[in-house]
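Trainee: The structure that follows is given in the form of structure tokens.
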2 protein chains.
Amino acid sequence: MAQDEPAPKPTVLVAGAGAIGGFYAAVLARQGCDVDVIMRSDHELVSARGITIDSATLGDLSFRPRQVLRSAAECRMPPDYLLVCTKVLGSLDPVAMIRPAVGSHTVIVLIQNGVEIERPYTEAFPDNELLSSLAFVAVSRVAPGEVRHKAYGHLVLGSFPSGVSEAARRLAAMFEAGGINCTLSDDVVTARWEKCVWNAAFNPASVCGGGLDTAAMLASEEGEAIIRRAMNEVCATAAACGHPQREGLIDDHIAGTRRMPPYKTSMALDFEYGREMEVEAILGNVVRAARREQVSAPTLETLYGLLQMIGAARDAGAGRG
Amino acid sequence: MAQDEPAPKPTVLVAGAGAIGGFYAAVLARQGCDVDVIMRSDHELVSARGITIDSATLGDLSFRPRQVLRSAAECRMPPDYLLVCTKVLGSLDPVAMIRPAVGSHTVIVLIQNGVEIERPYTEAFPDNELLSSLAFVAVSRVAPGEVRHKAYGHLVLGSFPSGVSEAARRLAAMFEAGGINCTLSDDVVTARWEKCVWNAAFNPASVCGGGLDTAAMLASEEGEAIIRRAMNEVCATAAACGHPQREGLIDDHIAGTRRMPPYKTSMALDFEYGREMEVEAILGNVVRAARREQVSAPTLETLYGLLQMIGAARDAGAGRG
């Protein structure tokens, strides 16, 4: 009988199978999906041995992708779901990166930080379904082909620009079955802004002084005041863009941060390790939205200017070396 | 005949005979003044050997102070001029530092950075004459008791809060005779704000990212824009305090900075070497003046908040160590 026959599992291609991509790829692989990955680094190693994943909550998630591709051009069969899990960086052209692997039926899923990051996809693939998702997860690449999942894992997922499609429900169900709490949101853009209220304030500030942790940023009244001012400016910008944030969000963000042990933001870690930072997705897009909507955002403007200075210093340093 | 008899040279005590204090002390000593110094560090060495000063423009200025004091309490005869040349730091109580050496005739001379730094002196020594001065000099301590003067040396000097007293003229004449260009200003507070327009913008920004040079800060449009915004806010604050700045000052500051080879500000160097920074004199006092005068200064507020965060991170680091 039809209801006893399991539906065939969808095929999945993960672009950017680093820590986050590798982790969620593993969850889907354990659910029986055929999972291919595109990896720029660690390609040989992962082809030979797969990805080793040690999860604090889900145990050993190590798996062997069906195929390990160097680029989307090597993809012979467009997948049902194409998960884009790279950082959002100026040096990466997301459309070029995935174009050869996008078929007419392919659902593109962004699991990335930032706001207003969807446009390149809607412009390049106007006929493909697009899901937008936020990951709340503490995961890191500890060695080539080795990922450690330390905590959390929650996803917020919805159709872009709004709604919850059947494809979104199906993907969420697979994540849930794999032990990942996955909240379906019919207004994922507002959820993106909500996360960005935290990110656009704490991430840039944390790079100043060479890498500050959350405790240092909240230790002084003056420090907390500018975090709050930055958050207020993000909220005002979100509201002007049609995505008003709930009352009390800023207090909750501050209180929640105080409850956690001091930690460094992803941007502070990227800075310390000399890696490219997600400046534009997390802050630049907010600043540009504020300018477009004529929202006053002097705190964000200042942080953005400082990050440009830091970038220029890095470029000059790289030029010297 | 009286006019052939040289007037006796004034006695001078220099509090904080570091690089700047040592340099200007040497100039006055070469003019025949009896110069005593208060030194917290390098006391033994300087007592034994004097201060070695190699000047790019004035040659060998090495000299032996008449007395090397550990503190003002050791001063037996209040000087005619008491030059305060320390950095303006939260950890230093300037009044306590000099009180035992201030006689009724003593003229107190501040050769320091920042704005609104005079009040502790006018409150503690209301009957003493106070001169306020700005040094434009590139000088550094290269070893204990050893100072290198690399360039410049110009002083701006005036009575506080305004005017040019006879004592100011006399001191300026001695500096001029010693090869130091010394501009007498009957509005030295406005001159202080003018220098602070540069300092309050570039110094705090330069600490971000772990220490930026002037080229990195001006490399991007966004970077230059926040430097200009910060400078505009200092100008607006100065004007509200009754010290309007001249038209074109900001353009001149930016153009002048671009003409020089890239360099790190004093605050960036203090940050890098783990030394206390002059945050309050250079920025905190401007921010407080803006609040008092109800001038909008969001760029300066942001920079100030970031410097508080950086200070907190350092304190936490020191606590760990």
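The values are calculated or read from the model by the stated rules, or taken from the named source; none is laboratory data. Keep in mind that this is a model prediction, so the values were computed, not measured. A quick note on method: Cβ atoms are made from the backbone with ideal geometry, for glycine too, and the neighbour counts reach across all protein chains shown. Surface areas here come from the heavy atoms of the whole protein model, side chains and all, with no ligands, DNA or RNA. Shrake-Rupley method; radii C 1.70, N 1.55, O 1.52, S 1.80 Å.
Trainee: Just checking, does region A:234-253 include any residue being among the charged types (D, E, K, R) and within 10 Å of another protein chain (Cβ to nearest Cβ)?
Mentor: no
Trainee: Let me ask you something else. What helices (runs of 4 or more DSSP H) lie completely within region A:259-321 and have 3 or more residues being surrounded by fewer than 23 Cβ atoms within 10 Å (Cβ to Cβ), modelled with pLDDT of 95 or more and more than 9 Å from every other protein chain (Cβ to nearest Cβ)?
Mentor: Ranges flagged: A:285-292.
Trainee: Looking at (1) under 15 Å from the mean Cα position of the chain (by Cα); (2) buried (at least 17 other Cβ atoms within 10 Å of the Cβ), which is the only condition B:Tyr81 fails?
Mentor: Of (1) under 15 Å from the mean Cα position of the chain (by Cα); (2) buried (at least 17 other Cβ atoms within 10 Å of the Cβ), only one is false for B:Tyr81: (1).
Trainee: Can you give me the number of residues within region B:195-211 that are within 18 Å of B:Pro298 (Cβ to Cβ) and within 9 Å of chain A (Cβ to nearest Cβ)?
Mentor: 2
Trainee: While we're looking at this one, here's another question. Given the condition open to solvent by 10 Å² or more (accessible area, probe 1.4 Å), among the hydrophobic types (A, V, I, L, M, F, W, C), closer than 21 Å to B:Asp187 by Cα and at pLDDT 95 or above, answer yes or no: does some residue in region B:98-109 qualify?
Mentor: Yes, region B:98-109 has at least one match.
Trainee: Of everything in region A:51-69, what is part of a loop (DSSP other than H, G, I, E, B) and surrounded by fewer than 17 Cβ atoms within 10 Å (Cβ to Cβ)? Give them in sequence order.
Mentor: Result: A:Ala56, A:Thr57, A:Arg64, A:Arg66, A:Gln67.
Trainee: Going through region A:184-194 one residue at a time, which ones are in contact with a Gly (Cβ under 9 Å, 6 or more places away or on another chain) and not in a loop (DSSP other than H, G, I, E, B)?
Mentor: Residues satisfying the conditions are A:Leu184, A:Val188, A:Val189, A:Thr190, A:Ala191, A:Arg192.
Trainee: Suppose we keep only residues that are within 20 Å of A:Pro126 (Cα to Cα) and without any contact (Cβ under 8 Å) to a residue 24 or more places away in the chain within region A:153-172. Which one would you say is least open to solvent (accessible area, probe 1.4 Å)?
Mentor: Filtering region A:153-172 for residues that are within 20 Å of A:Pro126 (Cα to Cα) and without any contact (Cβ under 8 Å) to a residue 24 or more places away in the chain, the one least open to solvent (accessible area, probe 1.4 Å) comes out as A:Gly163.
Trainee: With the requirement that a residue be farther than 14 Å from A:Gly114 by Cα and modelled with pLDDT of 95 or more, what does region A:82-97 give you?
Mentor: Matches in region A:82-97: A:Leu82, A:Leu83.
This table checks each residue for (1) among the polar types (S, T, N, Q); (2) touching a strand residue (DSSP E or B) at 6+ places or on another chain (Cβ under 6 Å); (3) open to solvent by 30 Å² or more (accessible area, probe 1.4 Å); (4) on the phi < 0 side of the Ramachandran plot.
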{"site": "A:Met174", "(1), (2), (3), (4)": "no, no, no, yes"}
{"site": "A:Ser185", "(1), (2), (3), (4)": "yes, yes, no, yes"}
{"site": "A:Lys195", "(1), (2), (3), (4)": "no, yes, yes, yes"}
{"site": "A:Pro204", "(1), (2), (3), (4)": "no, no, no, yes"}
{"site": "A:Thr214", "(1), (2), (3), (4)": "yes, no, no, yes"}
{"site": "A:Glu221", "(1), (2), (3), (4)": "no, no, yes, yes"}
{"site": "A:Ile227", "(1), (2), (3), (4)": "no, no, no, yes"}
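Trainee: For the list (1) open to solvent by 20 Å² or more (accessible area, probe 1.4 Å); (2) at positive phi, I need the number of the one condition that A:Gly209 fails.
Mentor: (1)
Trainee: I would also like to ask the following. Which one is most open to solvent (accessible area, probe 1.4 Å) among residues in region A:123-144 that are touching a Phe, Trp or Tyr at 6+ places or on another chain (Cβ under 7 Å) and either closer than 20 Å to A:Ser185 by Cβ or at pLDDT 95 or above (or both)?
Mentor: Top of the filtered list is A:Phe136.
Trainee: Let me ask something additional. Could you check region B:70-90 and list, in sequence order, the residues that are closer than 11 Å to B:Asp36 by Cβ, in contact (Cβ under 8 Å) with a residue 12 or more places away in the chain and in a loop (DSSP other than H, G, I, E, B)?
Mentor: Residues satisfying the conditions are B:Cys75, B:Met77, B:Pro78, B:Pro79.
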